[in-house]
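Shown next, in structure tokens, is the structure this report addresses.
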Amino acid sequence: MPARRRKRAPHRVGAFFDMDKTLIAENSGALYMKYRYERGELTRWEVLAGLGAYLRYKVGLLDINAWTREAMRQFKGQSERSLTREANAWFRERVIDTVYPEAEELVRHHQKEGHVVAIVSGATKFVVRPLAARLGIKHILYTRLEVETGRFTGRVVEPICFEEGKIYWLQHLVEQQNIDLARSFFYTDSITDLPLLELVGHPVATNPDPRLYRVASSRRWPVRFFTPPDTPRIPATTEPLA
């Protein structure tokens, strides 16, 4: 008798979320820089240089890959354990109260639907993991730092989780979880995530920057605006979930 063919599990739906300005109302990099400055770990000039880089990023003038490689060198020699402790303390003090209530509701909705929920961010796991734990999200994709014998080498693991790099890391999750991208969702505020938005069947511009808003409007993609924490809620007027 011929051997029985193994039935393949049905394809699953993914719900992917960018982090900054999508799940949280702030830019995590700016929050972390301010935190380190107040602790005396950064000079005023280093803060100004960081803010300048952020502004160049917002207008599309920053080579984010080169900047990330350079910025991560500051951690060379630091222990992974100490950075984890510092990041957890920073999250409790500065980040936890910036989570958008609507974003948390949206995450819960997808979880109840049985979707594969993931955060896809250019930040490192030391930033992303505490937020994922707070929201009960199992899957995180992030920029990876190279570690040897418990200490950072100052190098990043290529590719950086940004633009096409996000797609590279996401493909691993798609294959592992048998996800159907044509039925999946991606939420982001940034035009830099356009390649991933074009990859899923349900792209959602969330608190979009001006360039993404124009693209979303021209393509008739749903646009959602979340109310920052501690701000009176306004009834939603955007399109409902598909």
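Overview of results
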quantity: C-alpha long axis of helix 125-135 to longest principal axis of the chain, angle in °; calculated: 50 degrees
quantity: Potential extension, E41-R211 segment - 0.36 nm per residue separation minus Cα distance; calculated: 57.7 nm
quantity: Label-to-label distance, nm, for residues given as E164 and L55 (7 Å Cα→Cβ offset); calculated: 3.1 nm
quantity: Built amide H within the under 5 Å cut-off of T22, gap 5+; calculated: none
quantity: Long-range HN-HN contacts of T124 with modeled amide H, under 5 Å; calculated: T143
quantity: Whole-Hz ³J(HN,Hα) from phi, Karplus 6.51 cos²θ - 1.76 cosθ + 1.60, for the stretch 183-192, glycine and proline x; calculated: 10, 9, 10, 9, 10, 7, 9, 10, 5, 5
quantity: Anisotropy class of the stretch 14-224 from Cα gyration tensor, a/c 1.5 cut; calculated: prolate
quantity: Rounded to whole Hz, the Karplus (6.51, -1.76, 1.60) HN-Hα couplings of the stretch 113-124, x for glycine and proline; calculated: 6, x, 6, 7, 9, 9, 9, 10, 9, x, 6, 8
quantity: R85 versus Q171: modelled label distance in nm, points set 7 Å from Cα along the beta carbon direction; calculated: 4.0 nm
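Read-outs throughout are calculated quantities, based only on the coordinates presented, and are distinct from any laboratory measurement. No experiment lies behind these values; they were computed from the predicted model shown. Positions of Cβ are backbone-derived with ideal geometry, glycine not excepted, and every protein chain shown enters the neighbour counts.
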